[in-house]
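Participant: Take a look at this one; I'll ask things after.
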Amino acid sequence: MSSTKIVSALASKVRFCPRRCRSTAASTKSQRREKEQDGCAVVEADPVELISQSGKAPKDGEKLSKIHIDFNNTEEAYKSKDNVELLRSLLVFKLCTVDVLVEKNRELMELSKKLLGQRLFEKLMKMTFYGQFVAGEDHNAIKPLIQKNQAFGVGAVLDYSVEEDLTKEEAEKKEMDSCLSQAEKESPDAEHREKKYKAHRQFGDRRGGVISARTYFYADEVKCDNQLETFINCIKASGGASADGFSAIKMTALGRPQFLLQFSEVLVKWKQFFKFLAAQQGKSEMTTLEQKLEPEQLKESLTKLGVAAKEDIENWFTGEKLGLSGTIDMLDWNSLINDTTKISNLLMVPNLETGQLEPFLNMFTAEEERQMKRMLQRVDVLANYAVENGVRLMVDAEQTYFQPAISRLTLEMQRKFNREKPIIFNTYQCYLKEAYENVTVDVELSRREGWYFGAKLVRGAYMYQERARAEEIGYEDPINPDYEATNRMYHKCLEYLLEDIDHSRRANIMVATHNEDTVKFTLKMMNEMGLSPTENKVYFGQLLGMCDQISFPLGQAGFPVYKYVPYGPVNEVIPYLSRRAQENRGFMKGSQRERSLLWKELKRRLLGGQILYRPVY
């Protein structure tokens, strides 16, 4: 079996349905500038007037019945917490502002374990950091917290947060072993590979500079099968804990990353080839979806480049393979990967310097082909389990050199499983320069094929690592130039998706942010569109233990809101807790807001005689 057939299994031919006439450009409404330190935004939280929960848009002349949300109302924000929990939050957030404690947190935890012993150490952790940011040790232990949060309107995205505790050297070795094909190991200079999509030892430890995402390193196929079982158990736990839960997965946990690197490069090179051909037709200044290639000129160009025989090229651009306008756009072009790879038994990619197609790599070994096939099978197994258990599957974003393949795999799952409702959700990192293009292209594909688009919008988790890698290796920095540019990109993508929901009511999005301004921006747009929270088209997401003053008022007002709920044994989630401490240091130093609200509520209770306050649900 050649590498061609592996890709062909993924890139099944697109079948087009009539598309609705609609501009793909988001409106250019002005947006407020924000100040945030990777956490809750520093804002004045004015009360927000919101639409009713009737689920119906108002008729002409009819006034909206509005819900009032006040993000300053601490009684509503913290009514699910007893006084001990408020004190714990204050203590943990204060500790997160002490530099030496955060920088040496792993060493201090190890020292505490030695001095206190395992039992007392676990008690200490459950009273502080573990209790704040982790729900429990297993799927049974987390049920009380999930049920309590549900009683106050907040759902759960379950995330088993156990990671292998490797040294930097061990991580680098595993990464290099798993990202290089046998052909590359034997002839490292023989392959036509771009620097970005090759493994580099100095960035082999993918945990470097990353504080808000789990990291998996490939060991062998048995380890991937074990991680598959972990995800399956997580899906089952989510299905058993609630009727509308989410479960989070990472593609790098399910197979050898060599495949993600190689397939990403293939997808990117085909995209670059399309843009090269568009430039030949004088369309380089257009947006991606506006670039529509004239078939006759395209056939002529491909014939001159020697891509294939003229009669073969003629067959590529006939009938359903042409768009409704009789032209070829990016989505039509992507569907041709399956056809063009039949040219030979080798996967071919365009070399823009020579204008010729070249073999991407030598034949994979039989074992490498089996590994790639197993990865695809594991992804399919998880999607089927999600459907069977009534759980929506959230595929996390990862580094840009893996992400094109991850997004394509996720799209393939969406095309198969999102036919009746959104089950599979892709993640879009808005700190990327190409985030808006990625969102608009994928939404357009869902429109043409008639499936439900599902997305989670985040700002991004790998900024420092991505910048350093691009500078060191020598390729364009994929990250927006500054935080304000990322905010604008986030709001641009969000506005586009909300407009699509307003137009068709088919897309579903999770606004995953701790930024209060972004939440208020979303609510304002929903209000203007007459989009009711009970339609369950727009969800909100925050991490467990952070920004409760956003999550719980939204949940109690009837909006679908979810906490990312990590769980796992104390010792095995220490890497996760270490990152939470680092992440909280950033935004706790930049914002006093959450701590001041916690103090305000604690004082209100004490002065009101609620010393032994217990949540009622």
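Participant: Just to be sure I understand, how many residues within region 472-499 are in contact with a Lys or Arg (Cβ under 8 Å, 6 or more places away or on another chain), touching a residue at least 60 places away in the same chain (Cβ under 8 Å) and not hydrophobic (A, V, I, L, M, F, W, C)?
Facilitator: Going through region 472-499 one residue at a time, the tally reaches 7.
Participant: Pull up region 182-218, narrow it to residues that are among the aliphatic types (A, V, I, L, M) and either modelled with pLDDT of 85 or more or in a helix (DSSP H, G or I) (or both), then point me to the one that is surrounded by the fewest Cβ atoms within 10 Å (Cβ to Cβ).
Facilitator: From region 182-218, those among the aliphatic types (A, V, I, L, M) are 183, 190, 199, 210-211, 213; that's our starting set.
Keeping just the survivors that are either modelled with pLDDT of 85 or more or in a helix (DSSP H, G or I) (or both) gives 183, 199.
Details: Ala183: 16, Ala199: 19.
Ranking the qualifying residues of region 182-218, first place goes to Ala183.
Participant: Would you confirm whether or not region 167-174 contains a residue that is part of a loop (DSSP other than H, G, I, E, B) and either open to solvent by less than 40 Å² (accessible area, probe 1.4 Å) or in contact with a Lys or Arg (Cβ under 6 Å, 6 or more places away or on another chain) (or both)?
Facilitator: Here is the first cut: in region 167-174, the ones part of a loop (DSSP other than H, G, I, E, B) are 167.
The next check asks that each one be either open to solvent by less than 40 Å² (accessible area, probe 1.4 Å) or in contact with a Lys or Arg (Cβ under 6 Å, 6 or more places away or on another chain) (or both); those that pass are none.
No, region 167-174 contains no residue that is part of a loop (DSSP other than H, G, I, E, B) and either open to solvent by less than 40 Å² (accessible area, probe 1.4 Å) or in contact with a Lys or Arg (Cβ under 6 Å, 6 or more places away or on another chain) (or both).
Participant: Still on this model: All but one of (1) over 30 Å from the mean Cα position of the chain (by Cα); (2) within 30 Å of Lys223 (Cβ to Cβ); (3) at pLDDT 90 or above hold for Val134; which doesn't?
Facilitator: The number of the failed condition is (1).
Participant: Also, I was wondering about something else. Here are the criteria: (1) crowded, with 20+ Cβ neighbours inside 10 Å; (2) more than 23 Å from Ser504 (Cα to Cα); (3) over 16 Å from the mean Cα position of the chain (by Cα). Tell me which single one Glu398 does not satisfy.
Facilitator: All conditions are met except number (3).
Participant: Name the pairs whose Cβ atoms lie under 8 Å apart, with the first residue in region 596-617 and closer than 17 Å to Leu90 by Cβ, the second among the β-branched types (Val, Ile, Thr) and open to solvent by less than 90 Å² (accessible area, probe 1.4 Å), and 6 or more positions between them or separate chains?
Facilitator: Leu597/Thr74; Leu598/Thr74; Lys600/Thr74; Glu601/Thr74; Arg604/Thr74
Participant: A further question on this structure: When the residues of region 74-83 are filtered to those that are open to solvent by 10 Å² or more (accessible area, probe 1.4 Å) and not in a helix (DSSP H, G or I), which remaining residue is farthest from Ile550 (Cα to Cα)?
Facilitator: In this case the residue turns out to be Asp82.
Participant: A further question follows. Hey, among the residues in region 427-458 that are of a type in the set (Lys, Arg) and within 27 Å of Phe417 (Cβ to Cβ), which one's farthest from the chain's Cα centre (by Cα)?
Facilitator: First, the residues of region 427-458 that are of a type in the set (Lys, Arg): 433, 447-448, 456.
Right, trim to within 27 Å of Phe417 (Cβ to Cβ) and you get 447-448, 456.
Values: Arg447: 21, Arg448: 23, Lys456: 6 Å.
That would be Arg448.
Participant: Among Leu91, Leu86, which is the only one that is open to solvent by 80 Å² or more (accessible area, probe 1.4 Å) and either in contact with a Gly (Cβ under 7 Å, 6 or more places away or on another chain) or among the hydrophobic types (A, V, I, L, M, F, W, C) (or both)?
Facilitator: Working: Leu86 fails: open to solvent by 80 Å² or more (accessible area, probe 1.4 Å).
After applying the criteria, what remains is Leu91.
Participant: Turning to a different aspect of this structure: Please go through region 424-439 and give me each residue that is surrounded by fewer than 21 Cβ atoms within 10 Å (Cβ to Cβ) and over 14 Å from Gln399 (Cα atoms), ordered by number. Lay out the reasoning, then the answer.
Facilitator: Initially, region 424-439 is screened for residues surrounded by fewer than 21 Cβ atoms within 10 Å (Cβ to Cβ), giving 433-434, 437-438.
Scanning region 424-439 gives Glu437, Asn438.
Participant: Step by step: first the residues of region 545-575, then only those that are among the β-branched types (Val, Ile, Thr) and in a strand (DSSP E or B), then the one that is surrounded by the fewest Cβ atoms within 10 Å (Cβ to Cβ). Which residue is that?
Facilitator: Just the residues of region 545-575 that are among the β-branched types (Val, Ile, Thr), to begin with: 550, 561, 565, 570, 573-574.
From what is left, the residues that are in a strand (DSSP E or B) are 561, 565.
Numbers: Val561: 26, Val565: 30.
My answer is Val561.
Participant: A follow-up question, please. I need a count of the residues in region 219-271 that are touching a Leu at 6+ places or on another chain (Cβ under 6 Å) and of a type in the set (S, T, N, Q).
Facilitator: Qualifying residue count for the region: 2.
Participant: Could you list all residues from region 319-335 that are modelled with pLDDT of 70 or more and part of a loop (DSSP other than H, G, I, E, B)?
Facilitator: Going residue by residue through region 319-335, those that are modelled with pLDDT of 70 or more are 326-335.
Result: Gly326, Thr327, Asp329, Ser335.
Participant: Going through region 399-436 one residue at a time, which ones are farther than 18 Å from Leu376 by Cβ and assigned to a helix (DSSP H, G or I)? Spell out how you get there, then give the answer.
Facilitator: As a first pass, look at region 399-436 and keep what is farther than 18 Å from Leu376 by Cβ: 399-401, 419-422, 425, 427-436.
Ala435, Tyr436 - these are the residues of region 399-436 that are farther than 18 Å from Leu376 by Cβ and assigned to a helix (DSSP H, G or I).
Participant: Can you tell which of Gly555, Gly568 is on the phi > 0 side of the Ramachandran plot and in contact (Cβ under 8 Å) with a residue 60 or more places away in the chain?
Facilitator: On the way: Gly555 fails: on the phi > 0 side of the Ramachandran plot.
The match here is Gly568.
Participant: Next question, about the same structure. Output the number of residues of region 219-245 satisfying the condition of being open to solvent by 30 Å² or more (accessible area, probe 1.4 Å) and either under 26 Å from Arg459 (Cβ atoms) or not β-branched (Val, Ile, Thr) (or both). Before the answer, list the steps.
Facilitator: First pass over region 219-245, keeping only residues open to solvent by 30 Å² or more (accessible area, probe 1.4 Å): 219-220, 222-223, 225-226, 229-230, 233, 236, 240, 243-244.
If we keep only those that are either under 26 Å from Arg459 (Cβ atoms) or not β-branched (Val, Ile, Thr) (or both) too, we end up with 219-220, 223, 225-226, 229, 233, 236, 240, 243-244.
Selection size over region 219-245: 11.
Participant: Continuing with this model, one more query. Among Ala248, Ala279, Ala243, which is in a loop (DSSP other than H, G, I, E, B) and among the small types (Gly, Ala, Ser)? Full working, then the answer.
Facilitator: Working: Ala248 fails: in a loop (DSSP other than H, G, I, E, B); Ala279 fails: in a loop (DSSP other than H, G, I, E, B).
That would be Ala243, the only listed residue that is in a loop (DSSP other than H, G, I, E, B) and among the small types (Gly, Ala, Ser).
Participant: Cβ contacts < 7 Å: first residue more than 17 Å from Lys292 (Cβ to Cβ) and open to solvent by 70 Å² or more (accessible area, probe 1.4 Å), restricted to region 304-322; second residue of a type in the set (Ser, Thr, Tyr) and modelled with pLDDT of 75 or more, any location; separation 6+ or different chain. Result?
Facilitator: Listed pairs, sorted by first residue: Lys310/Thr303.
The values are calculated or read from the model by the stated rules, or taken from the named source; none is laboratory data. Owing to the predicted nature of the structure, the values given are computational and were not obtained by experimental measurement. Because the Cβ atoms are built from the backbone with ideal geometry, glycine has one as well, and the counts that use them run over all protein chains shown. Please note that ligands, DNA and RNA were not included when accessible areas were found on the heavy atoms of the full protein model with its side chains. Shrake-Rupley method; radii C 1.70, N 1.55, O 1.52, S 1.80 Å.
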